[in-house]
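Undergrad: The structure follows.
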Amino acid sequence: MAEPKLKDLGERVGIVLHRPRLPENIGACARAMWNMGLSRLLLVGPVRWDEPAMYRMATREAAHVIRDVEVYDSLEAALSSYHLAVGTTARTGGLRGPLWPPWIAAQRIISLGRQDRVAMVFGPEDRGLSNEELKLCQITVRIPTASFSSLNLAQAVLIMCYELFKAAMSEELGIKERHGPLATIEEIEAMYEHLEDVLVKICAIPESNRKTGMMKVRRFLSRITLRPHEVRMIRGLCRQIEWYGSAKRRQEEEGGPPRADA
Ligand code: SAH
């Protein structure tokens, strides 16, 4: 897998735990972060500094996340060098403005430049982030749940980091649909006409039932949003089939195999 986007994320995304109460949760957050390639952990104190509990939950693999932790005494101070703060909340009421689903927030984060540092902010286990604290965040995310909405802190961190990781992976693999315009209806109809012609010629669909045969092909291909170069590729295949058919006929008339340069 290509790594730059993912590596880039590790450098520019910080996870901020605002006044976490349980050292075990801090360790579990560190582990969840490192599972998804993130390692910048910021704590806003006061924090009960119980290293054995933190390291136990972080496991050896993610111990460096705890070792390199940054501790601040206010949320403002923790966020000061970041460009975008993404708050998280289990609650829907109050003056919170629109609540973003995690995957949309992840796409926004991925789309930013590599110089833009993003903080994802999580509240204390007992009461979450206050409206005042959420005001410091430009985006507020709520992870959708059934009626019991309050997730364990480290599990909320894992879901957010996973969404980011998935979005970065899709980008790496070029899965995201961002490769220019779709083919026009005119291009697609010309392709179907061409395809119908060829499929009838090679008896893949019967002449007497060509409309029904083509309906199946259309239904299948319309599940894909075709791009102009893909339409050209299918038409290229049609031409190749036509060429092969006529070369084969010639061969039968003249003898000898069909030639690629015929
Ligand atoms: N009672 C608190 C829950 C705190 S859980 C509340 O109602 O907000 C600790 C933290 O985990 C929360 O502050 C938030 O950062 C995160 N969290 C828990 N459940 C979440 C959810 N459904 N969506 C987004 N974040 C959540």
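Undergrad: Per residue, how much accessible area does the chain have with a 1.4 Å probe, in Å²? Provide the component values of the computation, followed by the final result.
TA: Numbers: 15140 Å² over 262 residues.
Spelled out: the 1.4 Å probe surface of the chain, per residue, equals 58 Å².
Undergrad: Can you figure out the FRET efficiency of W103 with E254, using R₀ = 51 Å and their beta-carbon distance, to the nearest 0.05? List each step's numbers first, then the result.
TA: Details: r = 61 Å, r/R0 = 1.19.
About 0.25, to the nearest 0.05.
Undergrad: Can you pull the percent of the chain's accessible area that's carbon plus sulfur, 1.4 Å probe, other chains left in place?
TA: Working: 8290 of 15140 Å².
So the carbon and sulfur contribution to the accessible surface is 55 percent.
Undergrad: Another one. Between F148 and N35, what's the calculated FRET efficiency when r is the beta-carbon distance and R0 is 22 Å? Round to 0.05. Each step should come with its number before you reach the end.
TA: On the way: r = 24 Å, r/R0 = 1.10.
After rounding, the FRET efficiency stands at 0.35.
Undergrad: While we're on this one: For the residue pair R232 and M169, what label-to-label distance in nm results when each label sits 7 Å from Cα along the Cα-to-beta-carbon direction?
TA: So the two model labels end up 3.2 nm from each other.
Undergrad: In debye to the nearest 20, how big a dipole does segment 1-61 give about its Cα centre with +1 on each Lys and Arg Cβ and -1 on each Asp and Glu Cβ? Let's see the in-between values first.
TA: Working: 10 positive and 7 negative charges, 29 e Å.
Result for segment 1-61 is approximately 140 debye, rounded to the nearest 20.
Undergrad: Show me 77-89, 183-195 ranked by packing, highest mean number of other Cβ atoms within 10 Å first. Present the calculation step by step, with values, prior to reporting the outcome.
TA: Details: 77-89: 19.8, 183-195: 14.8.
Descending mean neighbour count gives 77-89, 183-195.
Undergrad: Assign unit charges at the C-beta atoms only (+1 for Lys and Arg, -1 for Asp and Glu), then state the dipole size of segment 65-180 relative to its Cα centre in Debye, rounded to the nearest 20. Before the final figure, lay out each step's value.
TA: Working: 12 positive and 13 negative charges, 78 e Å.
Charge dipole, segment 65-180, about its Cα centre: 380 debye, nearest 20.
Undergrad: Which sequence of Y55, Y162 reflects their accessible areas, 1.4 Å probe, from the largest down? Can you show the working numbers first?
TA: Working: Y55 70, Y162 105 Å².
Ranked from most to least accessible, the order is Y162, Y55.
Undergrad: Now for a different question. Quick check on packing: order 114-124, 197-207 by the mean number of other C-beta atoms within 10 Å, highest mean leading.
TA: Details: 114-124: 19.7, 197-207: 14.1.
Highest mean packing first, the order is 114-124, 197-207.
Undergrad: Further question: Mind ranking W49, W243 by accessible surface for me, highest first, 1.4 Å probe?
TA: Numbers: W49 115, W243 55 Å².
Most to least solvent-accessible, the answer reads W49, W243.
Undergrad: Classify segment 25-175 as rounded, prolate or oblate from the Cα gyration tensor: take a ≥ b ≥ c as the square roots of its eigenvalues, call it rounded if a/c is under 1.5, otherwise prolate when a/b beats b/c and oblate if not.
TA: Numbers: a/c = 1.37, a/b = 1.11, b/c = 1.24.
Here segment 25-175 falls in the rounded category.
Undergrad: Let me ask you something else. Report the gain in length on full extension from W243 to R48: 0.36 nm times residue separation, minus Cα-Cα distance, nm rounded to one decimal.
TA: On the way: separation 195, 0.36 × 195 = 70.20 nm, distance 7.60 nm.
Between W243 and R48, full extension yields 62.6 nm more.
Undergrad: Name the long-range amide H neighbours of V141: under 5 Å, sequence gap of 5 or more, or other chain; modelled H, no Pro or chain starts.
TA: Amide H to amide H, under 5 Å and 5 or more residues apart or across chains, V141 pairs with G87, T88, T89, W100.
Undergrad: When we measure straight from the Cα of K7, which lysines land under 28 angstrom away, once same-chain ones fewer than 8 places off are left out?
TA: K166, K176
Undergrad: What is the projected area of the convex hull of the Cα atoms of the chain, averaged over all directions, in nm²?
TA: Value for the chain: 21.5 nm².
Undergrad: Follow-up. Towards the positive end of the charge dipole of the chain, with charges on Cβ (+1 Lys, Arg; -1 Asp, Glu), say which of V44, Q115, P181 has the farthest Cα.
TA: Value computed over the given set: P181.
Undergrad: Right, something else. Quick one: what are the phi-derived ³J(HN,Hα) couplings along segment 203-214, Karplus 6.51/-1.76/1.60 with θ = phi - 60°, whole Hz, x for glycine and proline?
TA: Taking θ as phi minus 60°, the curve returns 6, 6, 10, x, 3, 5, 10, 5, 5, 5, x, 5 Hz for segment 203-214.
The values are calculated or read from the model by the stated rules, or taken from the named source; none is laboratory data. Worth saying up front: this structure is predicted, and the values here are computed from it rather than measured. Here Cβ is always computed from backbone atoms with ideal geometry, including for glycine, and neighbour counts include all displayed protein chains. These accessible areas exclude ligands, DNA and RNA; they are computed on the full protein's heavy atoms, side chains included. Shrake-Rupley method; radii C 1.70, N 1.55, O 1.52, S 1.80 Å.
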